[in-house]
Amino acid sequence: MSTPFEIYLVATPGLEAPLCDEARAAGFDARVTDGGVAFMGSWPDVWRANLALRGATRVLARVASFRAMHLAQLDKRARKVEWASLLRPDVTVTVEASCKRSRIYHAGAASQRVAKAISEELGAPVAEDAALRVMVRIEDDLVTISLDTTGESLHKRGFKEGVAKAPMRETMAAMFLRQCGYDGTQTVLDPMCGSGTFVIEAAEIALGLKPGRSRAFAFEHLPSFNRKAWDAMRAPAPLRETTLRFYGSDRDPGAIRMARENAERAGVSHVMQFEQQSIETLSPPNGPAGLIIINPPYGTRIGNKAPLLGLYRTMGSVIRAKFAGWHVGIVTTDKDLAKATGLGLELVEPTVLHGGLRVGLWRRKQP
């Protein structure tokens, strides 16, 4: 496939717009589309998107499309796909299908037909537990075949072993930071840091570290993969110089220990400061104002809402009293909790689906 093809970035539902902004800033001619972000590109663009984009959940290469009204037609046209240029005969694949508003309505039968075409035309083994996925989407009788070039979800950066209760995924954290206007030139403080996701993401951005630098990808098992070019692309650049420091605190000593270990594995511990303390004793670090970003308990997942109102009021009073001039972002499920802070927070629309809950980023108006 030497000609450009569509590259599709799967987004966290509700975060398509900031992901599109990030992709454009990275030089991709991206646009928001159904459920994600798309642009035309080549295989090196696939590699770079996986390596460098913080907000994508995964990167799909849309490698073929055709119309099919019934299973026999799907079988015939799937066999005409140039599988030898897309897959290796020695790498096991799995085929997943979805059907929507189409005459072919049985997803299991559709996946079996495409799997049989791959097996018989290319000779590649097919198994349900294979790491390399071929994805078949049939919508309005249009069949789109994509390769999942990512493998494990991109929020798995490759360094985070310790995870706190109700964790924020790295991909979400990166997009919430972007929606708060963070660009790597501000101090970031998280007084309920858990395992350190927000402040570690912020430090990586400030230091110019690529999010996919420490992990493997599914595209490494495709015939289009060029190890030498990939090694050159992901070769570590010198760390960007910064005088910034990133601050995380939490009342849970176990969370602080996890955060420190995660920061060490990520290679950012030299710009981090973690401390066990409660929100009541929080005070601003020396230096210019920056960004406070918090993912506090919501009530829906951990306990009930009523006891949390006091926590949010305390959080708001501490920020109002001590953090004049700081930008503020709070992630929560409930407008009453957001209003209890007294910070005049405004919801960034749309809300975001996170672990079965609708959460929103609430920002303080720019000081």
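The values are calculated or read from the model by the stated rules, or taken from the named source; none is laboratory data. As the structure is a prediction and not an experimental result, all values here were calculated from the model. All Cβ positions, glycine included, derive from the backbone under ideal geometry; neighbour counts span all protein chains shown. The accessibility values were calculated without ligands, DNA or RNA, using every heavy atom of the protein model including side chains. Shrake-Rupley method; radii C 1.70, N 1.55, O 1.52, S 1.80 Å.
Suppose the filter is outside any loop (DSSP other than H, G, I, E, B), modelled with pLDDT of 95 or more, among the hydrophobic types (A, V, I, L, M, F, W, C) and open to solvent by 60 Å² or more (accessible area, probe 1.4 Å); does A306 pass it?
So A306 does not fit the description; no.
Can you run down the residue pairs with Cβ atoms below 6 Å, 6 or more apart or on separate chains, where the first is in the range 4-26 and on the phi < 0 side of the Ramachandran plot and modelled with pLDDT of 95 or more and the partner is surrounded by 22 or more Cβ atoms within 10 Å (Cβ to Cβ) and of a type in the set (D, E, K, R)?
Within 6 Å, the pairs are V10/R58.
Working only within the range 198-229, note down all residues that are open to solvent by 40 Å² or more (accessible area, probe 1.4 Å) and either among the hydroxyl-bearing types (S, T, Y) or in a loop (DSSP other than H, G, I, E, B) (or both).
Result: K210, R213, S214, A216, P223, N226.
What are the residues in the range 313-337 that are part of a helix (DSSP H, G or I), at pLDDT 95 or above and in contact with a strand residue (DSSP E or B) (Cβ under 8 Å, 6 or more places away or on another chain), if any?
Listed by number, the residues that qualify are M315, I319.
Could you tell me how many of the residues in the range 131-157 are open to solvent by 20 Å² or more (accessible area, probe 1.4 Å) and over 15 Å from A56 (Cα atoms)?
The number of residues fulfilling the criteria is 7.
Give the residues of the range 341-363 that are crowded, with 21+ Cβ neighbours inside 10 Å and either free of Cβ contacts under 8 Å to residues at least 24 places away in the same chain or not in a strand (DSSP E or B) (or both), sorted by residue number.
Result: T341, L343, L345.
Within the group V126, V46, V114, V37, which residue is over 30 Å from M175 (Cβ atoms) and crowded, with 22+ Cβ neighbours inside 10 Å?
V114
Could you pull out every one of the strands (runs of 3 or more DSSP E) wholly within the range 1-116 that has 2 or more residues that are farther than 26 Å from T351 by Cβ? Write out each step before concluding.
On the way: elements: 5-11, 31-33, 36-41, 56-67, 93-100.
Fully inside the range 1-116 and qualifying: 5-11, 36-41, 56-67, 93-100.
Residue-by-condition table, conditions (1) farther than 13 Å from I145 by Cα; (2) in contact with a Lys or Arg (Cβ under 6 Å, 6 or more places away or on another chain); (3) not small (G, A, S):
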position	(1), (2), (3)
F39	yes, no, yes
W43	yes, no, yes
A56	yes, no, no
L71	yes, yes, yes
R77	no, no, yes
A84	yes, no, no
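Has the range 261-271 got at least one residue that is outside any helix (DSSP H, G or I), farther than 18 Å from P211 by Cβ and touching a residue at least 12 places away in the same chain (Cβ under 8 Å)?
No - not one qualifying residue is present in the range 261-271.
Among the listed residues S195, S249, which satisfies the condition of being of a type in the set (S, T, N, Q), part of a loop (DSSP other than H, G, I, E, B) and surrounded by 17 or more Cβ atoms within 10 Å (Cβ to Cβ)?
When all the criteria are applied, what remains is S195.
Given the options A68, A115, A72, name the one that is hydrophobic (A, V, I, L, M, F, W, C) and in contact with a helix residue (DSSP H, G or I) (Cβ under 7 Å, 6 or more places away or on another chain).
A68
Sort out which residues of the range 160-170 are crowded, with 20+ Cβ neighbours inside 10 Å and either touching a strand residue (DSSP E or B) at 6+ places or on another chain (Cβ under 6 Å) or assigned to a loop (DSSP other than H, G, I, E, B) (or both), and write them in order of number.
Filtering the range 160-170 down to residues crowded, with 20+ Cβ neighbours inside 10 Å leaves 160, 164, 168, 170.
Once the filter is applied, which keeps residues that are crowded, with 20+ Cβ neighbours inside 10 Å and either touching a strand residue (DSSP E or B) at 6+ places or on another chain (Cβ under 6 Å) or assigned to a loop (DSSP other than H, G, I, E, B) (or both), the range 160-170 yields K160, A164, M168.
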